[in-house]
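The next block holds one structure in the form of structure tokens; read it before the comments.
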Amino acid sequence: MYQASPTVVGPPLVLGVSLTLAQYQKCLAPPPEVSSTRTVELRIDPTLDLVYLAETTLPGSLPLLRGLNQAHVAGVKLQAARLQLLEDAPCTARRHQPSLMVLEEGHCFITAADVKVPVASFGRQHLRRSFVNMEVNSNVNLLDYLLTDWFTVELSGTLRRRLVKAMSLSMSLEFEVQGSRRALA
């Protein structure tokens, strides 16, 4: 009788993406000379200012992912997720040291073919000034997600306070590529 069991195939696959958390922009009233226009500012929930979303859509045809099309590849599992602050990005200021400590919590998702799966998250206990080692909270096989024509990597969560400048980040997702091995039982 044959039984399939997963085995690790080669070194980890590391996917790096750049993300930008946009700064808070308040709705401005029209100039005084435009008196016929009326501006109504509706505030449903004041905490909505403290919600962030950053995402990027990537092609499944990336050179890094080509090896996933091989017949012996049976699965791809997320092993580690890390968020890094890009301090030398042009959108940050020297006098106000940027810090990831403005974040409250966050979640990483991968979406393909309108199916969204949470893969990692972090809270206050994971935060460091310039990096966050996220907690992997999914054991989902991501092979089908990464082999689609396009997939989206999303980072969303809440802030402790409003961002006055955009924040540039780099997210690194490390995947373990698994193959199937047939062994006699």
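Structural remarks
- Per-residue extension of 0.36 nm, minus the Cα-Cα distance of GLU87 and LEU62, leaves a gain of 6.3 nm for this segment.
- Once the convex hull of all Cα atoms in the stretch 52-171 is built, its volume per residue stands at 109 Å³.
- Value of relative contact order over the stretch 51-181, rounded to a whole percent, pairs C-alpha under 8 Å and six or more apart: 45
- Taking the stretch 59-85 and a reference point 7 angstrom along Cα→Cβ of ASP149, the backbone N atoms nearer than 16 Å belong to 59-62.
None of the figures in this text is laboratory data; all of them are computed from the coordinates on show. Treat the numbers as computed from the prediction; the structure is a model and nothing was measured. Don't worry about glycine lacking a Cβ; one is built from the backbone with ideal geometry, like all the others, and counts go over all protein chains shown.
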